[in-house]
Every structure is written in C-alpha cells, then in structure tokens.
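Below: the structure, in structure tokens.
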Protein chains: 4
Amino acid sequence: MGSSFGHLFRIHTWGESHGGGVGVALDGCPPRLPLEPAEIQLELDRRKPGQSRLTTPRQEEDRVEILSGVFEGRTTGSPILMMVHNKDARPAAYEHMKDVFRPSHADYTYEAKYGIRNWQGGGRASARETIGRVAAGAVARKVLRQHGVGEVHAYVSQVHGIEAKVDPLGVTRERVEASITRCPDPEAAEEMESAIDNARRRGDSLGGVVTCVAHDVPPGLGDPVFDKLEADLAKAILSLPACKGFEIGSGFAGTKLTGSTHNDPFFAEAGKVRTRTNHSGGVQGGISNGEPIYLRVAFKPTATIRIEQDTVGRDLEAAKLEGTGRHDPCVLPRAVPMVEAMVSLVLCDHLLRQLALQGAAGELP
Amino acid sequence: MGSSFGHLFRIHTWGESHGGGVGVALDGCPPRLPLEPAEIQLELDRRKPGQSRLTTPRQEEDRVEILSGVFEGRTTGSPILMMVHNKDARPAAYEHMKDVFRPSHADYTYEAKYGIRNWQGGGRASARETIGRVAAGAVARKVLRQHGVGEVHAYVSQVHGIEAKVDPLGVTRERVEASITRCPDPEAAEEMESAIDNARRRGDSLGGVVTCVAHDVPPGLGDPVFDKLEADLAKAILSLPACKGFEIGSGFAGTKLTGSTHNDPFFAEAGKVRTRTNHSGGVQGGISNGEPIYLRVAFKPTATIRIEQDTVGRDLEAAKLEGTGRHDPCVLPRAVPMVEAMVSLVLCDHLLRQLALQGAAGELP
Amino acid sequence: MGSSFGHLFRIHTWGESHGGGVGVALDGCPPRLPLEPAEIQLELDRRKPGQSRLTTPRQEEDRVEILSGVFEGRTTGSPILMMVHNKDARPAAYEHMKDVFRPSHADYTYEAKYGIRNWQGGGRASARETIGRVAAGAVARKVLRQHGVGEVHAYVSQVHGIEAKVDPLGVTRERVEASITRCPDPEAAEEMESAIDNARRRGDSLGGVVTCVAHDVPPGLGDPVFDKLEADLAKAILSLPACKGFEIGSGFAGTKLTGSTHNDPFFAEAGKVRTRTNHSGGVQGGISNGEPIYLRVAFKPTATIRIEQDTVGRDLEAAKLEGTGRHDPCVLPRAVPMVEAMVSLVLCDHLLRQLALQGAAGELP
Amino acid sequence: MGSSFGHLFRIHTWGESHGGGVGVALDGCPPRLPLEPAEIQLELDRRKPGQSRLTTPRQEEDRVEILSGVFEGRTTGSPILMMVHNKDARPAAYEHMKDVFRPSHADYTYEAKYGIRNWQGGGRASARETIGRVAAGAVARKVLRQHGVGEVHAYVSQVHGIEAKVDPLGVTRERVEASITRCPDPEAAEEMESAIDNARRRGDSLGGVVTCVAHDVPPGLGDPVFDKLEADLAKAILSLPACKGFEIGSGFAGTKLTGSTHNDPFFAEAGKVRTRTNHSGGVQGGISNGEPIYLRVAFKPTATIRIEQDTVGRDLEAAKLEGTGRHDPCVLPRAVPMVEAMVSLVLCDHLLRQLALQGAAGELP
C-alpha cells in the first residue's frame, strides 16, 4: 500500500531501481489536454542522474514512453501510463550489501517490514521511484497553466552552511538553471559547488534546504480540516526521499514573533483582497488566500558515503561498510524538480477539487 | 471534503464552534476493546478551554457522550460516535466581525472558497473542531497500548524566545502536567508563564514549539512511498490550527551536518537492531526502525489579539478591527494534547496496517 | 470499516438499533444549498416504523436533528451531522436471543467476524441504520434537483407472486403514496395488502421486487471502468438489508434476446441523441446516455418470523427459536424510500464528479 | 477516475484496445508470495481472443510481462506492474466508425462525457481492459489459496434460451474447460455451441448467464454496512463489460418464497455452524457465513453485430451502420475467467481486511 497520491488528480507509482522499469499510472487528468512526450521529458531531464558532475555518474537516459490515455496528441480522460526502462542497472555492485544494512538507508526497515528486500540499488526505496512523480508533475503543471495558475519555482537556498541571498519572489526557472547547483544566487552557487566537490572527494555528503514559491495561486484551494493545503503539501514533501522538515510561510522562525507582528494585515487592491505581509505563506485556515505559496524543505546529507561505517548484518553480527554504489554527494540540485513536481501535484489536485466545488455550487444562491 | 483522516483507523470529524456540537465518527476501531467515557474525558479535559489562566476564558465542560459502537463497555467494531454539545456559545460577541475579515484567520479564505461563512466564533475553522481528534486520539492510544506500543509524550519546548532544556526521552506525562504551560523544564516553564501573562495583558499573543516523542514503536510501521510514516505525521500535524512547520529527527538543523556525522550507525543489542544516534528520528525510508519517534512542531502566535489591526470588509472597504472574542494568548499548552492525539492516530493507523500486512503474509515463506 | 459511501458526496453512517441513536455525517455537500430539517423529515417519515399496519409496530418518531454544517438555513460546505435518537427501544425483548442465532439474520456472522455482538434488536445490522442513508438521500435529491436532474421514483412492483402492471415511466410519487403497499397499480396493491396481512397473521413474511426509475439524468454520469454508474448503483442497492439481486435495463430477461433485437438504435430528437428502445436502462459503457435509468431490486422475505425455527446457540447446541421482536411482515413498502435514497446518493456523487470533470476540462480545446 | 478497485488489495488498470498496451498496477499484495509469470499467463490464455472459433478472430498472444514488485520469484510488497503489449491492432478497421455511434456501445457516452474519444476498437471501453483484472485476479487467487480459501469456479449456465443442468457445487475447472463454451453440462454445451455458431453466421449475437461458486470461504469476510460482501461483489461484477444483472443466493427467484421457506436453518457439524439450505448464497448481513458463495451474472448479447443498424453520427445525422470489427458472437465463454477474477479480487480484499481486523483485535478480550 501507499503508492498512490491525490484525490481527483491521482497517481500510482511503481517500479524499482533495478527491475524492468519505473513509472506511474495517472488517473483523473482532464480530457482534451494537449500532451506530448517531449513536455514530460523536459522535466525528467532535470531529474535524471549524470546530468552534471555534482550528481551520481549512473547513466540513464530516462526516456519516457506514454503507453495509454493520450490519443492523437490529447488526453482522453483515461489513465495515462508513463514509464522509463532501467538501462544502466548494475546489480552486481550491490551484491556485497545483500546481507548488510546500510546506515540511514531503508535496508533494515524494509527487511523489518516485509521480511524480504530487493537489495539491488535500493529497490523500491531508490530515488528512481520519483521518476513517476516528476512525469506526473509535468502533466499537473500543464493543467495548472491551462487554468491560469502561475509557475512553481523551487531552488536550492542552502547547502550545508552556505545560504543563498535572493528574493524568493524574483526567482525564475532561467536563474535556477543557470547553475548546476540550481541555486539562483551566483556567489552562493559557486561556494556550494566547491563544497559539494569537496565532499565528493572526501567520500562524504552534504544536506541543505530547497525553497519553493508557487505564483498566482487563486484563493480557495485547500479543504478543511485534514486536507488543508499546507497539510497535503507537507505530506507530499515529506514523502520525498531524504526529507526531514517542512515549513510554510514564517515556519519555525515565526514562532518567535508576536501576534501583532506576525498577523498579515488585509488591504484591497484592484478589486482583490491582498495581505501586506505574507507570514501565512499564502495559506490561511488551510485554504489559499491568493498570495504566493511559500515553503521550505530540509534534506539530510545523502546516506550513501564512501567512508567506512559501523553497521550490522541480517545475522545481527557487527560489520564494516563502505558505500561503493553510485550516488549523489548532495541530493539538493536533483531535488529541485522533485519538489516542484510534488507541489504541482498538490496544487493541481486541489484546483480540481475547487473546480468541482464551484461546479457543484454553481446553481446555488 | 477533507474532514476524514486515516485508512484503517479512520475518523470523520464534524461540528462548528457555535452549532449544535462537535464530534467524530470513528470507523475501524478493533472490536472488544474495553472503553469508558472517562478515558476519553481525561484527554478532553487537557484540551478544554478555561483550564488555566493561560487559556481562553470560554467555559465549556466538553462532556463527551458515546452514542454508538460500544456495547456493555467494549467496542463492537461498528463506528463509534463521540460528541460534546456546545454550551458557552456567545454568537453575539462575533456579530461585529460578520462582515470584516480578521487578519491571519480563516474568515477571508472560507468566504473565498465557499461563498458563505459561519462567522460565529470561527465556525468550522475553530479549534473546537479538534475535540473530535482528541477523543479519537484517546481511543487510538488505548489500541496502541494494547499492542505494546509505548507512550506518546508531547510538551512545550519553546515559547517565543524561551527554550526548555530537557532530555526529550526523559519527559513524562507527570512532568508535563506539573506546569500549566505544559513545559517540563520548571525554570523555562516559569519564564514562559510570565511571558504569556505579559502578552495577554498587552492584548498580544505568542507562538512556540511543541516537541513530541513516541516510545517503543515497533519497527515496520509506515508504508512506502507516499504514506511514509513521516509523511503521514507531517500531514496530521500540519492539519492542526496555527501550525506552520514540522521536523522529524535532525530536521532543519541536520542539513548542516555531513553524511558521515548524520548517519546513524547500527549495532545489535539484546537481539535487536539499534542505532547509536537517532538523527533519523525513528524513521528510515518511511518506516519506523524501533528507535523513539522524535518530532518538533511550530505554532504561530494566536491570530486573535486585542490590539487594533488594519483589515478590509466583505465590501473591500478598509476597516479597523480589535479582537474581542475569547481566545488563548498562546495556543501551545492546549496544543500538547492535540499533537499527542494526531501522532497517536497516525501510529495506530499504521500499526493496524502493519498487523494487516503481517496477517496477510503470515502463511508465506 | 465499511460505513462510508461515495466519493465527492460522501456519507458516514453510525448507530445501532438500541444505542444512543443513529445518524450520518455527510461530507461534500455543496455550499449555499438551502436546507431545512422538514425536508429531511419528509423522507424519514416514509421510512419510519409504525406508519401503517403493514409495518413493524415499533413506535419511533425518528425526529431528525441537524447538528452541524447548516448556517442560517443554508449549507456551508462543512460536514452535515444529522441524527435521530432511539426512543422505543426494548432491549429486554431480545434477551432470549442473546445466545441463539436467528436464522438468516446477521447474528452468527457478526459473532464470527467480531467475536462480540450487540444483540439488542439487530445492533448495527438493524434496518434503523438506513435512517442516515435516507436523510442523506434527501439532501442528495435536493442537489440533483438544483442541477436540473429529474425525479427518482421507486415503487413496489412485485410482492410474492403478485406483480404490478404499470408503465414504469408513468409512475409518480403521488401514485406510489396512494397505497400503503407503495404499489402504484391499485388492483395489485389491494392483492398485495391482503397477502401481507395474511402472512403477518400466519407469523410468516414475504419478499418482492422494487422497481426504480430516475428521470432526466443528463448524459455523462458514471466513471469507467470500475466506477461505472451501474456498478456503483449495484453496490449501493446490494448494501441495503435483505437485498439479493439487482438488474439494470433488460437485466436477466435480456439474456434471451439477440444483439439485433437488444441493441438500442440511436436517433436524433430536438438536438439530442436518443435511443428508440431502452434495453440499456439509461447506461452504456458505464455512463448515462440521457435515457431514464431503469433498475429492479430483489428483496428476500423478512428473516424475522413468528414461526418456530431450528437453529443453534453460541455453544453450538441445537435450539428452537420463535421470533418475538417487532418486525415487518414484508419490507417492500419501507424499502421504497431506501432504494430512492441510494439511487439519489449515487447519482448525486456522479453528478458532482461529472461537474468536476467539466470544470477541469473547461479551458481545454 | 474510476480505474481503481479494492481497499487493501488494490488494483489500478490502464490501457486501451489500440494503444501501447494494457495492464495493471497491483498494490497491497502480501510480501514473499512466490509468483511466476506462467501462473498469470494461464489465466490470460483463458481470456485471450482467438482461443476458439466461438471467439473473436483477433490474434493476440497477450504475453504478460511483470515489470516490478517481484524479486527472485517472490513478491516484495511493492506494487506489481503487469502488462501486455497490443499486437494485432488494426485501427484502420474502425476508421468508418470514427464519426458514427455504434448502438449499445460506449461510443456516444464517452463522447458525451469527455468530448473526445479513442475510436480505435473501443478504446478504454474495450474488453481488453479486463486483461489487467484477470492478471491481478490470478494473484488474488494465489493469496486466497495460501490462506486456505477454496477455489472460485465460474461457468456458463445459460446461453440465449439454453440452460445447463448441473449441480453448481459439483462444477470443477476441468469440467468447465472440457468445452469451448465453458458450460460443464455436455448436452447443453453442444446446443450452445450450435446456437453461437448460428448466431455468428447470421452476423448476430447472443447473451446468457454465468454462474459462480466460491468454495471454502471462511466465515467473517465482508464489512457492514456499505462494503457488504454482496455489495462489493455486485459492484465488481457490474463493472464488467456487457453485464446487466447480479443475483446472490436465492436472488430474484427467492422473492417468491416466504420467510419460513427461505430462511436457512442453522445446525452444528464438526464444531462448525452450518446452514441446511443456502438461500443466503453464503452471505448473511453482508458477511460470509462459511457456506459456498453462490452468484449469477447476466450478460447481454454482444453489441457488435454484422447486421445493418440505424444510428446517428456525431453531427446528429441519421446513419446506417454494419459492424465490421472483429468481435465475439457471444461473450459468455470468455466472461468466465473475468467473473472468476472479479470474485477472487473481492474475496482477497476482504480476506486481507478480515486478517487485519483479527490482527488488530488479537490482544483484546
């Protein structure tokens, strides 16, 4: 269980690092949406391994195939099956970890839960699983655009101790893609690059923070009380590999303000209700208020390192382990499209829910 | 939509601040569990208003009634309806806010979403909605105990700038309840008490952090890939009123470590796999690993304050507003049982899911 | 589990025959729908016991209370809690059945499933559970009307061997309510009345068939492939107590036709696609085609009879049992509002789903 | 929406008649189940076209591929993706139906719902969609066996006016497969064969009834009140293409009995509660009682015929249509494995739900 996400725009991902492939069945996509594989590929290319020297050297083209749900270039309302085949799989490289648990990986917990474990490259717990999310996220983003919702921009705002200095509202795709770190502050980007390079050379890894802003989100998205927009966003984000924290708006820092300095005063502008500050992060009472959605995501340092570590085997015997699998010394740059995908999926689902509500209430006084 | 939570242990809450009452229908509770209203009442009493001078003076007994699903003192497997009637409702006190949006409340967003709004005391967005959660959480906790899962202890670890100095693993219910702040560090508690008192006198409000530890959680709880334990916890927590952030394990601070210092080395103890550190917060790859679940929650300062604020009305005209409704100058003390309830609900749901999986796999090699 | 139904218009029923009451939490009702308790009461009065000499003599007013989700006479989009208290409960009357299984009741199966059983009046398996469905069905019907969907008329078309001779399309609420049998064919109704009277006198019971027609259902309702309109109708109907069969359109009789006589030829009329015959029963490929929805439902003879029967006790000892609880000698007349409610709930849910789809596809080519 | 089925054993089907392929993502399969493609293939071979002269001549090998969720011959608890590629697709054969609605097909309703339609071979409404169901059903059956549940045997019991005379409880897979009609009564089978041959020669088609028995189902499966076993079976069955009716136990015929003749007296045998008759069809109050599950399914005559029919085009102009696509003159023989698959899926889902409940209640008094 647990491989499904969303309510009206619903995805079911499948696949493992070293099996026949990975993919997603997307149910609930509106019919008649123009959709080409190239639009999906664009996002998969930002996620794929081997795209820069900062990422794992695993060579995967991650070429998407759309097997159903699209007819003559448009969606039909039927489930859309999108997949990529695994190519550069090297199961032998994992053979020595077959019976030993890698620290802070999912090896032990999968074993504890299922009593069986696909030990090749992380199996289901591999970040390759996010291919299905990124593919579906690209479709979600297209639906959002079609309905006038603005862009969703994520970027690397911190790596280890290095913080970017940027106005989150001014970040564009172009500025993000200008650096292989996906940090839009060129100075910080340079520092991050060195830090990641250094860590890689030492066989170590770094963590950091991704910031994400969703622009022009209409008021009304989010369903009280459990499906609050921030609750669904938090779940979406925390379901990403290596994620350890989530903040919306003022987040943890806001706990040190007072009500009188934290509250966002309302004013009217061009016939719209606006707020002067945005400590709320675009969400009040679980529902979007028309201001930009603003959130921050903590990613831990990659668990796979090339430094010897203490661990135990399946037989509970103490063991030493030195990671040799291909991996990212810092997941942050590749996490950017994943965060964008998850945020887009949540927004799209709630957009459809709100359109449903509006349609249903349409005739009512 | 959105008033349901859980998969196998499933709750449906209903009710508003000033309607006929608030409550919950709980479906999926195991049969034959001994259950008395007094066990529920105990938790509701920790949540109820008016319990100390730090909380809203609204006088509500919040006396629980169990209308179904329990027979001769034991659950039957049928839905359990638990409710409390609203008593100390004073709709007139809200009359002046009928057409004006309170800053950082849900007034505007409910209006934007539904085109109608129960303006009496926050309506559905009132924290009274959490009564149903706390009641169901008490049942969840009982199921957890019955299956050998340990206690879930939340406490106030920060109010405004004041931080508690305690070992999270040593916190007990007794120590938490020793102070009306629900902070188990007596010195910090005293400071927090003054700070909250001060804020109340100024008509202002404070935010803070609740920390929560779940003990003796067996390995194996949590479902990859979207229903990871931390993802469901994040959703549960972010669905609480006034919540702006969630961390598990090392959280945001952990982003400044390296893989070699962050990874939790495994060792074996008494036939069990353990970790030497717990940066993972008891969860790896979305599944509990047997270590204590450790999480932190950010609550913003209460939005209702008695200080004049700028806002607009439904007619988009600028307006001044001074909160006069009864409210908490700091939600933290009453948030403690809410956090415990949500964590218990998530753990109970995943416990049942894991028992289901074990039962299903029981006969297999 | 299992007490929830619907996807966008979602109900959660709760309550037992002899507990504190029975009711429903309805989530997903569109906001701003005018709603008065009297509208709900109207349908509950058609379902309630004691309404004629053909029904159980249990005296219940079944007076509905709306505890949440309605503000100043209109729905708010929040969950609507509707309930009735149990009044004429006589648990003592069931004392002698505490340890003996009534044949063809749910006594044994509940015991087998849960290891505990509320033996007072059928507990959760009592037909009183349908109160929540009928209440929610009344709301569903109102939503349907507001969106231009026509009426849903069910009627008794067969009792034991007596069949009504009527044109299903000409049946109106008035004609149905003209007889306490709820059979719109006056002659058949008279015969049915005698037959039921006879059965009651003998302490025996009768079964029969309810036919239902939904008028002016727009094309497009129903979701391939599992949530076909007929599939959701079948589930809704088979979830009613005592139901043993479901047919749509030509049903079992249609299996004896050939494709050339069974197919419904299309023609155009007033700019609409119509069919000359309606063997499809208004549904093709799981989606409504604009013709009347036509279905038939088989109800078995009431299991409770006043004739001595062979059975066993919880101790597996052979026993004799003579039903003494109050009951209906024939459930058909009271089943009519239940069938209408379930059909209305399904149509309303699929109407909202279709409005959602149309809203989502609205901007697309 | 609508392409998912099940709660704990959950399937998501995808694919169209003439796209890249058809398949299913199965989530919730217990881990460690030995599983080989050959076991799936066995069932797909019974469903595939071209298997006898009674079925459509479309040549498809329907060779299954398992792309995920199985490792070293055993399931891992991760989603299992099973698919077949479409080979013998002839879109050109459907070109002339692109703008004309085939009577009693889903052409018009898909167009009405989605405003777009994959007109090649029925698109999503093609019976090829059931490949995913049959594949998943084979896995379900395996889980059932592993837990001691007996076999699920369906067979053709009626074609047009010809009825089989067999004891449903004595029907075996061997007897069913002995005839290409899948009718276990050799005489009736021969008559059916001629009748179908005749219909095919005339370009016409026939309907009929499939009967299904599930043996050795333990008591306790099924969840009151909406997820009653018979309700979920009815939904599963009515979701099959061409299905128009469902009966369980005494069904429509039982409506002509009285309570005293219809009730199934209990007796004890070998420490088990049994019933002397089985009018209940193995289900009481929505829960299995340990007797064989017995149900009957009505299938209409195939809509595709080679006889000229009146219809209209998308432009609403009257048109004549003569089916030329490849099709089955009678769907009954190939419907047998589909019915078995759906019944197996429902039983498996409810078995897992009951194992979950038992696990959850395990420690309770």
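Apart from one condition, A:Val273 fits all of (1) surrounded by fewer than 24 Cβ atoms within 10 Å (Cβ to Cβ); (2) assigned to a loop (DSSP other than H, G, I, E, B); (3) at pLDDT 95 or above; the exception is (2).
Only one of the numbered conditions (1) at pLDDT 95 or above; (2) surrounded by 24 or more Cβ atoms within 10 Å (Cβ to Cβ); (3) within 24 Å of D:Ser288 (Cβ to Cβ) is violated by C:Gly123, and that is (1). For B:Ser194, the criteria (1) more than 7 Å from chain A (Cβ to nearest Cβ); (2) in contact with a helix residue (DSSP H, G or I) (Cβ under 6 Å, 6 or more places away or on another chain) hold in every case but one, which is (2).
Among the residues in segment A:94-104, are any free of Cβ contacts under 8 Å to residues at least 60 places away in the same chain and more than 22 Å from the chain's Cα centre (by Cα)?
yes
Taking (1) modelled with pLDDT of 95 or more; (2) closer than 30 Å to C:Leu257 by Cβ; (3) buried (at least 22 other Cβ atoms within 10 Å of the Cβ) in turn, D:Asn263 satisfies each apart from (2).
Tallying residues that are at the interface with another protein chain (Cβ under 7 Å from one of its Cβ atoms) and either without any contact (Cβ under 8 Å) to a residue 24 or more places away in the chain or surrounded by 24 or more Cβ atoms within 10 Å (Cβ to Cβ) (or both) within segment A:233-260 yields 18. Check every one of the strands (runs of 3 or more DSSP E) wholly within segment D:290-365 and list those with 3 or more residues that are crowded, with 24+ Cβ neighbours inside 10 Å and either touching a residue at least 60 places away in the same chain (Cβ under 8 Å) or not acidic (Asp, Glu) (or both). Hits in segment D:290-365: D:293-299. Quick one: in segment C:73-91, which of the residues that are at pLDDT below 95 and in a loop (DSSP other than H, G, I, E, B) is nearest to the other protein chains (Cβ to nearest Cβ)? Checking each candidate, the answer is C:Asn86.
A single member of D:His7, D:His18 is in a loop (DSSP other than H, G, I, E, B), over 29 Å from D:Leu229 (Cβ atoms) and either of a type in the set (D, E, K, R) or at pLDDT 85 or above (or both), and it is D:His18.
Inspect segment D:189-212 for any residue being under 26 Å from C:Ser17 (Cβ atoms) and not polar (S, T, N, Q) and give the result as yes or no.
Step one: list which residues in segment D:189-212 are under 26 Å from C:Ser17 (Cβ atoms), which gives none.
No, every residue in segment D:189-212 fails to be under 26 Å from C:Ser17 (Cβ atoms) and not polar (S, T, N, Q).
If you go through segment D:272-289 and pick out every residue that is farther than 23 Å from D:Lys235 by Cβ and more than 7 Å from chain C (Cβ to nearest Cβ), you end up with 5. Among residues of segment D:207-232 being farther than 27 Å from D:Val273 by Cβ and within 7 Å of chain C (Cβ to nearest Cβ), the one that is nearest to the chain's Cα centre (by Cα) is D:Val209.
I'd like to check something: does segment C:78-89 contain any residue that is over 27 Å from C:Phe299 (Cβ atoms) and either touching a residue at least 60 places away in the same chain (Cβ under 8 Å) or surrounded by fewer than 20 Cβ atoms within 10 Å (Cβ to Cβ) (or both)?
Residues of segment C:78-89 over 27 Å from C:Phe299 (Cβ atoms): C:78-81, C:85.
Filter again for either touching a residue at least 60 places away in the same chain (Cβ under 8 Å) or surrounded by fewer than 20 Cβ atoms within 10 Å (Cβ to Cβ) (or both), leaving C:85.
Looking through segment C:78-89, at least one residue is over 27 Å from C:Phe299 (Cβ atoms) and either touching a residue at least 60 places away in the same chain (Cβ under 8 Å) or surrounded by fewer than 20 Cβ atoms within 10 Å (Cβ to Cβ) (or both).
Check C:Pro168, C:Pro184 and return the single one that is over 24 Å from C:Ala125 (Cα atoms), modelled with pLDDT of 95 or more, more than 7 Å from chain D (Cβ to nearest Cβ) and surrounded by 24 or more Cβ atoms within 10 Å (Cβ to Cβ).
Values: C:Pro168 fails: surrounded by 24 or more Cβ atoms within 10 Å (Cβ to Cβ).
Step by step, each of C:Pro168, C:Pro184 is checked, and only C:Pro184 is over 24 Å from C:Ala125 (Cα atoms), modelled with pLDDT of 95 or more, more than 7 Å from chain D (Cβ to nearest Cβ) and surrounded by 24 or more Cβ atoms within 10 Å (Cβ to Cβ).
Do the conditions hold for B:Leu144, that is, is it of a type in the set (A, V, I, L, M) and more than 12 Å from every other protein chain (Cβ to nearest Cβ)? So B:Leu144 does not fit the description; no. If I ask for residues that are more than 7 Å from every other protein chain (Cβ to nearest Cβ) and within 15 Å of B:Met342 (Cα to Cα), which ones from segment B:11-52 would you list? B:Ile11, B:Val24, B:Leu26, B:Ile40, B:Glu43, B:Leu44, B:Arg46, B:Arg47 - these are the residues of segment B:11-52 that are more than 7 Å from every other protein chain (Cβ to nearest Cβ) and within 15 Å of B:Met342 (Cα to Cα).
If I filter segment B:93-104 for residues that are part of a loop (DSSP other than H, G, I, E, B), within 30 Å of B:Pro292 (Cα to Cα) and touching a Phe, Trp or Tyr at 6+ places or on another chain (Cβ under 6 Å), do I get at least one hit?
First pass over segment B:93-104, keeping only residues part of a loop (DSSP other than H, G, I, E, B): B:98-99, B:101-104.
So of that shortlist, the ones also within 30 Å of B:Pro292 (Cα to Cα) come out as none.
For segment B:93-104, residues part of a loop (DSSP other than H, G, I, E, B), within 30 Å of B:Pro292 (Cα to Cα) and touching a Phe, Trp or Tyr at 6+ places or on another chain (Cβ under 6 Å): absent.
For segment B:192-205, does any single residue satisfy the condition of being at negative phi, within 21 Å of the chain's Cα centre (by Cα), small (Gly, Ala, Ser) and crowded, with 24+ Cβ neighbours inside 10 Å? Checked against the condition, which is being at negative phi, within 21 Å of the chain's Cα centre (by Cα), small (Gly, Ala, Ser) and crowded, with 24+ Cβ neighbours inside 10 Å, segment B:192-205 yields at least one hit.
Against the conditions (1) modelled with pLDDT of 95 or more; (2) closer than 30 Å to C:Tyr114 by Cβ, C:Ile40 satisfies every one except (2). The combined condition, being more than 10 Å from every other protein chain (Cβ to nearest Cβ) and either under 30 Å from C:Glu317 (Cα atoms) or over 19 Å from the mean Cα position of the chain (by Cα) (or both), is not fulfilled by C:Ala154.
The values are calculated or read from the model by the stated rules, or taken from the named source; none is laboratory data. Only a predicted model underlies this, so the values are computations on that prediction, with no experimental measurement involved. Glycine gets a Cβ as well: all are built from the backbone with ideal geometry, and neighbour counts include every protein chain shown.
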